[in-house]
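So the structure is just underneath, and the comments pick up after that.
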Amino acid sequence: MDRNGEASPAVNGGVSFWYAANGLPEPRPALPGDADADVCIVGGGYTGLWAAYYLKKADPGLRVTVLEQRFCGYGASGRNGGWLYNGFAGRSAFARRYGPERAAAMQREMDRSVGEVADTAAAEGIEADIVRGGVLEVARTPAQLVRLQAFAEAEAAYGADRVHLLSAGETADRIRVAGALGGTWSPYGARIQPAGLARGLARVVAGLGVRIHERTAVTEIHPAGPGGRARAVTPHGTVTADVVLRATEGFTAALRGERRTWLPMNSAMIATEPLPASFWASAGWEGREVLGDFAHAYMYAQRTADDRIALGGRGVPYRFGSRTDADGTTQPATVRQLRAILDSFFPGAAGARIDHAWAGVLGVPRDWCATVELDRRTGLGWAGGYVGSGVTTANLAGRTLRDLVLGRDTELTRLPWVGHTVRRWEPEPFRWLGVHALYAAYHGADRQEATGRGTTSPLARLADAVAGRH
């Protein structure tokens with residue numbers, strides 16, 4: 001029991017529920033000393049692994065080394081909600097800055113990337129419980145319904161059949177969410193088991209001849225000097241390479257000089273015990289859609305392969321000084337908040353035991369726009385800032401980094417996120433104060449709208465303007 005007398009989850013932390021069945025992987029050997037590579041990738045999550053995969057597929061003779069601080073999939077790649085879908089951070093901003101056609105080109109690539117991940121996993125024998133049931137998002141207040149309808153209209157500009165607007169009854173035909181006034185369904189989505197994808201991808205990449213060194217934290221990345229090469233520095237030795245790619249997402253702030261590059265935003269999840277057939281008979285969810293809503297402090301969920309509900313939300317959004325957690329433990333207050341969302345959405349699950357709670361960090365740029373880049377002069381590249389939409393975006397990033405490293409001029413290298421510049425976050429304490437005020441405003445807006453308000457709360461509009469999200 002926690003201090004309020006409420007039942008605590010059976011497990012809190014342990015990286016994530018996604019490792020519960022098979023245990024945490026045994027880390028591969030650390031870097032044994034100084035080494036040389038053609039490409040050194042810092043970070044063994046989806047971005048780094050996909051980049052390594054596509055580079056070796058394109059040029060099997062390329063010497064590629066991946067450096068990972070714990071084990072591949074330790075970060076967001078092994079902790080996320082398992083949404084393989086076509087959303088990406090920054091589409092509206094890209095449309096304003098670079099034109100709607102370039103934003104549409106990136107959206108089309110994201111649409112294709114959903115299938116690319118699923119098809120590649122199948123071809124490579126990666127077991128990740130992938131079910132392409134699409135994305136269902138619901139509105140549960142009048143103000144949310146207005147935003148949902150506006151979203152469906154905006155998506156139609158990118159293709160007539162991209163998003164289907166659903167009535168309350170049509171929404172219930174898919175998933176019976178208590179109080180749902182309407183919904184949207186998109187075919188561009190799938191449920192995955194996140195750790196299964198990370199574990200399998202690491203196995204495939206190692207089999208291609210990529211050198212993966214785990215338990216190897218990179219502390220500094222140095223650009224190439226005149227006539228020199230880039231370097232990734234670790235306590236075990238330094239890897240010198242023609243190109244060093246940073247693929248550290250929410251852990252980027254731990255690198256020297258990167259404290260204010262991307263903010264590590266916390267997100268937390270819970271997983272119920274396996275729910276009985278009687279519950280699923282009442283709830284539906286036969287299509288295994290991933291589920292979200294149109295609240296400002298939104299939730300996300302999936303029906304797992306073993307018939308649990310795994311559900312997440314923001315919780316405590318940010319720790320002072322860009323600190324990140326070690327093992328995924330989340331606060332009791334956050335568990336209670338997620339439990340309340342679960343009970344509200346699915347009253348039939350109100351008595352279900354919470355088997356696991358965990359948390360992780362995602363990378364947030366100051367303008368909430370993902371980026372990918374390679375600077376030939378310095379030999380340094382990066383991709384990230386996915387703002388929680390990284391499962392699919394990381395695949396597109398990996399293919400784009402491949403083309404940039406190999407010097408190819410392709411449709412991918414001409415997408416608007418390539419070379420997009422982002423200003424740095426404010427120093428502390430302004431960063432901490434700003435983020436916590438931002439989410440206090442979003443939670444306040446949700447409370448206002450829950451009383452029946454028919455339009456978006458001014459608190460949310462103000463928060464969006466301050467955050468630079470629109």
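Name the single residue, out of those in segment 60-80 being among the hydroxyl-bearing types (Ser, Thr, Tyr) and within 16 Å of Thr324 (Cβ to Cβ), that is surrounded by the fewest Cβ atoms within 10 Å (Cβ to Cβ). Within segment 60-80, the match that is surrounded by the fewest Cβ atoms within 10 Å (Cβ to Cβ) is Tyr74.
Consider segment 148-192. How many of its residues are in a helix (DSSP H, G or I), hydrophobic (A, V, I, L, M, F, W, C) and open to solvent by less than 10 Å² (accessible area, probe 1.4 Å)?
Adding up the residues that qualify gives 1.
Scanning segment 217-227 for residues that are open to solvent by 30 Å² or more (accessible area, probe 1.4 Å) and touching a residue at least 60 places away in the same chain (Cβ under 8 Å), we see that the one that is nearest to Ala76 (Cα to Cα) is Ala217.
Pairing each residue of segment 432-459 that is more than 26 Å from Arg260 (Cβ to Cβ) with any residue that is among the β-branched types (Val, Ile, Thr), provided the two are 6+ apart or on different chains, yields C-beta distances under 6 Å for Glu449/Thr141; Ala450/Thr141. Sort through Pro27, Pro60, Pro9 and tell me the only one that's over 23 Å from Gly196 (Cβ atoms) and not hydrophobic (A, V, I, L, M, F, W, C). Result of the check over Pro27, Pro60, Pro9: Pro60. Looking across segment 228-245, the residues that are open to solvent by 40 Å² or more (accessible area, probe 1.4 Å) and in a strand (DSSP E or B) come down to Arg231, Asp242.
Within segment 81-104, the set of residues being of a type in the set (Gly, Ala, Ser) and surrounded by 18 or more Cβ atoms within 10 Å (Cβ to Cβ) comprises Gly81, Gly82, Gly87, Ala89, Gly90, Ala93, Ala95, Ala103.
This table checks each residue for (1) in contact with a Leu (Cβ under 8 Å, 6 or more places away or on another chain); (2) assigned to a loop (DSSP other than H, G, I, E, B); (3) not polar (S, T, N, Q).
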{"site": "Arg339", "(1), (2), (3)": "no, no, yes"}
{"site": "Val361", "(1), (2), (3)": "no, no, yes"}
{"site": "Trp382", "(1), (2), (3)": "yes, no, yes"}
{"site": "Thr392", "(1), (2), (3)": "yes, no, no"}
{"site": "Ala397", "(1), (2), (3)": "no, no, yes"}
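Say whether the condition of being out of contact with any Lys or Arg (no Cβ under 8 Å at 6 or more places or on another chain), in a helix (DSSP H, G or I) and over 28 Å from Glu214 (Cβ atoms) is met by at least one residue in segment 289-312. No; the residues of segment 289-312 include none that is out of contact with any Lys or Arg (no Cβ under 8 Å at 6 or more places or on another chain), in a helix (DSSP H, G or I) and over 28 Å from Glu214 (Cβ atoms).
Among the residues of segment 259-285, those identified as in a loop (DSSP other than H, G, I, E, B) and either surrounded by 22 or more Cβ atoms within 10 Å (Cβ to Cβ) or in contact (Cβ under 8 Å) with a residue 60 or more places away in the chain (or both) are Arg259, Arg260, Thr261, Trp262, Glu273, Leu275, Trp285. Counting the residues of segment 316-328 that are surrounded by fewer than 21 Cβ atoms within 10 Å (Cβ to Cβ) and either among the charged types (D, E, K, R) or out of contact with any His (no Cβ under 9 Å at 6 or more places or on another chain) (or both) gives 8.
Taken as a whole, the condition of being open to solvent by less than 20 Å² (accessible area, probe 1.4 Å) and either modelled with pLDDT under 95 or in a helix (DSSP H, G or I) (or both) applies to Asp403. Against the numbered list (1) open to solvent by less than 10 Å² (accessible area, probe 1.4 Å); (2) in contact with a helix residue (DSSP H, G or I) (Cβ under 7 Å, 6 or more places away or on another chain); (3) closer than 20 Å to Leu49 by Cβ, Gly385 comes up short only at (2). Just to be sure, is Ala195 touching a residue at least 40 places away in the same chain (Cβ under 8 Å), assigned to a loop (DSSP other than H, G, I, E, B) and of a type in the set (A, V, I, L, M)? No.
Conditions tested, residue by residue: (1) among the polar types (S, T, N, Q); (2) closer than 22 Å to Val387 by Cα; (3) in contact with a Gly (Cβ under 7 Å, 6 or more places away or on another chain); (4) free of Cβ contacts under 8 Å to residues at least 12 places away in the same chain.
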{"residue": "Gly23", "(1), (2), (3), (4)": "no, no, no, yes"}
{"residue": "Lys57", "(1), (2), (3), (4)": "no, no, no, no"}
{"residue": "Gly61", "(1), (2), (3), (4)": "no, no, no, yes"}
{"residue": "Tyr74", "(1), (2), (3), (4)": "no, yes, no, no"}
{"residue": "Tyr85", "(1), (2), (3), (4)": "no, yes, yes, no"}
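As a summary of the residue check, Gln302 satisfies the conditions (1) on the phi < 0 side of the Ramachandran plot; (2) more than 17 Å from the chain's Cα centre (by Cα) except for the one numbered (2). For segment 181-200, the criterion of being β-branched (Val, Ile, Thr), at pLDDT 95 or above and closer than 30 Å to Ser457 by Cα is met by at least one residue.
The values are calculated or read from the model by the stated rules, or taken from the named source; none is laboratory data. Nothing here was measured: the structure is a model prediction, and the numbers come from that model. Every residue, glycine as well, gets a Cβ built from its backbone with ideal geometry; the counts of neighbours run over all protein chains shown. Side chains are part of the model used for accessible areas, which takes the heavy atoms of the whole protein and leaves out ligands, DNA and RNA. Shrake-Rupley method; radii C 1.70, N 1.55, O 1.52, S 1.80 Å.
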